[in-house]
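S.K.: First the structure, which I've put down as structure tokens, then a few questions once you've had a look.
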Amino acid sequence: MAELGRWTQGMRTGLGEDPTHGAVVPPIYLSTNYTFEGIGEPRAYDYSRSANPTRDHLNDAIAVLEGGAGATAVSTGLAAITLVAEAFVPSGRRVVVQHDAYGGTWRLFTFLAEQGRLEVDFVDFNDDEALGAALALSPALVWIETPSNPLLRITDIRKVADAAHAVGAMVAADNTFLSPLYQRPLEHGADIVVHSTTKFINGHSDVVGGVAVAAEQDVHDRLRLWANALGLTGSAFDAYLTLRGLRTLDARMRVHTSNTEALVDLLRDHPAVAALYYPGLPGHPGNDVARRQQTGMGSLLALELHGGRPAAEAFLDGLQIFHLAESLGGVESLICHPASMTHAGMTPEARATAGIGDGLLRLSVGVESADDLVAVVGEALERAARSQG
């Protein structure tokens with residue numbers, strides 16, 4: 001028999017396995033509880049917070065795609081980050097986080113530090129001296145986000161993982177921006193990979209979720225135990241929708257990426273654009289590393305406009321197709337002003353250090369017609385250019 005590839009195995013998880021009626025698509029198990037065979041004789045499932053057949057289908061699919069020992073689906077992407085922190089950072093220990101990580105990640109670790117739960121250092125992972133100084137303080141956890149949100153900086157996962165392991169730290173990597181199709185951090189030394197499954201894995205902007213995938217079985221067992229203890233696990237219905245979205249991930253990512261490349265061609269030399277952030281560009285400082293550890297460049301890009309916030313407002317005024325909204329990775333195109341939206345929870349000083357200015361816009365490119373996307377962004381660029389006088 002043919003040996004099936006990773007993608008085919010992952011997307012087909014649960015299909016055609018219904019033993020009762022032969023349903024091709026596995027049924028959704030909404031029951032909160034399950035009968036025991038007798039006293040002290042639980043079945044495979046007893047209570048849906050602890051485990052649920054539908055959620056386990058999603059867990060199995062994502063674990064296959066990431067190449068992990070197991071996955072734990074939870075209620076949100078931030079719940080996945082919380083789960084890792086609670087399960088693997090002892091009280092008072094230190095965490096090292098990228099300085100330009102997602103604003104919600106920055107806020108969570110900052111809040112935990114303010115409560116005295118842990119200590120946190122926000123560090124530029126491409127600054128070897130700064131990273132080395134942070135690792136010298138013996139952190140329990142190193143948090144990688146690559147590409148980063150919103151400036152798409154690239155971190156060498158293998159390099160950072162080796163350095164972190166040398167001082168006894170665990171390594172978690174947020175892989176939300178690329179999905180398991182374009183990057184698998186566990187293969188480069190990460191111990192845990194997390195996703196906001198709200199984004200590309202679900203892909204339709206209609207369900208919120210997260211997942212943590214472990215490289216080793218003992219780490220997976222601990223994540224699953226803590227997710228149950230903390231009550232973080234996701235609902236069966238959310239898992240059902242997310243698995244349905246996952247089955248089209250490969251097809252969607254191909255169109256997302258092709259459309260993004262068309263926009264990059266438009267943006268890269270336009271006079272209204274002060275800087276374009278996209279790892280696929282040869283001039284991007286992380287291009288070499290991205291090509292080594294990624295199999296695709298994804299559909300996120302960021303651009304800094306000459307003229308700051310007034311230029312950004314002109315760009316958005318009358319912009320078609322793109323919705324001004326947070327989130328990313330859906331079939332629809334979205335645009336975000338990070339300084340006032342996704343990263344508004346950061347202090348102005350932290351945003352400045354991360355390089356998030358008032359003229360920065362982040363685009364999540366959808367699956368609409370590439371010609372239409374190029375046309376409306378071209379009009380927006382002309383508006384931004386006129387706003388500068």
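S.K.: Within region 165-185, work out how many residues are assigned to a helix (DSSP H, G or I) and surrounded by 24 or more Cβ atoms within 10 Å (Cβ to Cβ).
M.R.: Here the count works out to 3.
S.K.: So which of GLY366, GLY378 is at pLDDT 95 or above, more than 26 Å from VAL207 (Cα to Cα) and of a type in the set (Gly, Ala, Ser)?
M.R.: Exactly one residue qualifies, and that residue is GLY378.
S.K.: What is the one condition in (1) in contact with a Ser or Thr (Cβ under 6 Å, 6 or more places away or on another chain); (2) crowded, with 22+ Cβ neighbours inside 10 Å; (3) not polar (S, T, N, Q) that ALA236 does not satisfy?
M.R.: ALA236 satisfies every listed condition except (2).
S.K.: Can I ask one more? Working only within region 149-164, note down all residues that are farther than 17 Å from ILE192 by Cβ and part of a loop (DSSP other than H, G, I, E, B).
M.R.: ASN149, PRO150, LEU151, LEU152, ARG153, ILE154, ASP156 - these are the residues of region 149-164 that are farther than 17 Å from ILE192 by Cβ and part of a loop (DSSP other than H, G, I, E, B).
S.K.: What's the total number of residues in region 32-59 that are of a type in the set (Ser, Thr, Tyr), part of a loop (DSSP other than H, G, I, E, B) and in contact (Cβ under 8 Å) with a residue 60 or more places away in the chain?
M.R.: Going through region 32-59 one residue at a time, the tally reaches 2.
S.K.: Please work out which residue is surrounded by the most Cβ atoms within 10 Å (Cβ to Cβ), limiting yourself to region 62-81 and to residues that are assigned to a helix (DSSP H, G or I) and in contact with a strand residue (DSSP E or B) (Cβ under 8 Å, 6 or more places away or on another chain).
M.R.: ALA80
Let's see how each residue does on (1) of a type in the set (A, V, I, L, M, F, W, C); (2) closer than 18 Å to PRO147 by Cα; (3) assigned by TED's automatic domain parsing to the domain that holds GLN293; (4) in contact (Cβ under 8 Å) with a residue 24 or more places away in the chain:
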| residue | (1), (2), (3), (4) |
| --- | --- |
| HIS195 | no, yes, no, yes |
| VAL207 | yes, no, no, yes |
| ALA212 | yes, yes, no, yes |
| LEU223 | yes, no, no, yes |
| ASN228 | no, no, no, yes |
| SER235 | no, no, no, yes |
| TYR240 | no, no, no, yes |
| LEU263 | yes, no, yes, yes |
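S.K.: Before we move on, is GLY103 at positive phi and out of contact with any Asp or Glu (no Cβ under 9 Å at 6 or more places or on another chain)?
M.R.: No; evaluated as a whole, the condition is false for this residue.
S.K.: Could we say that SER340 is polar (S, T, N, Q) and at pLDDT below 95 here?
M.R.: Yes; evaluated as a whole, the condition is true for this residue.
S.K.: Looking only at region 66-92, which residues are small (Gly, Ala, Ser) and in contact (Cβ under 8 Å) with a residue 60 or more places away in the chain?
M.R.: GLY67, GLY68, ALA69, GLY70, ALA71, ALA73, SER75, GLY77, ALA79, ALA80, ALA87
S.K.: Let me ask something else about it. Taking the criterion of being crowded, with 17+ Cβ neighbours inside 10 Å, in contact with a His (Cβ under 9 Å, 6 or more places away or on another chain) and outside the structural domain of LEU178 (by TED's automatic domain parsing), would at least one residue in region 316-328 satisfy it?
M.R.: no
S.K.: Kindly establish whether GLY203 is at pLDDT 95 or above, over 21 Å from ALA69 (Cβ atoms), assigned by TED's automatic domain parsing to the domain that holds ARG158 and in contact with a Gly (Cβ under 9 Å, 6 or more places away or on another chain).
M.R.: yes
S.K.: For the subset of region 120-164 comprising residues that are small (Gly, Ala, Ser) and touching a helix residue (DSSP H, G or I) at 6+ places or on another chain (Cβ under 8 Å), which member is surrounded by the most Cβ atoms within 10 Å (Cβ to Cβ)?
M.R.: Initial filter on region 120-164 (small (Gly, Ala, Ser)): 130, 132-134, 136, 138, 140, 148, 161, 163-164.
Filter once more, keeping what is touching a helix residue (DSSP H, G or I) at 6+ places or on another chain (Cβ under 8 Å): 132, 140, 161, 163-164.
Numbers: GLY132: 12, ALA140: 18, ALA161: 23, ALA163: 19, ALA164: 25.
Residue satisfying both the conditions and the ranking: ALA164.
The values are calculated or read from the model by the stated rules, or taken from the named source; none is laboratory data. Predicted, not measured: the structure shown is a model, and the values here were computed from it. With ideal geometry, Cβ positions are generated from the backbone for all residues, glycine too; neighbour counts draw on all protein chains shown.
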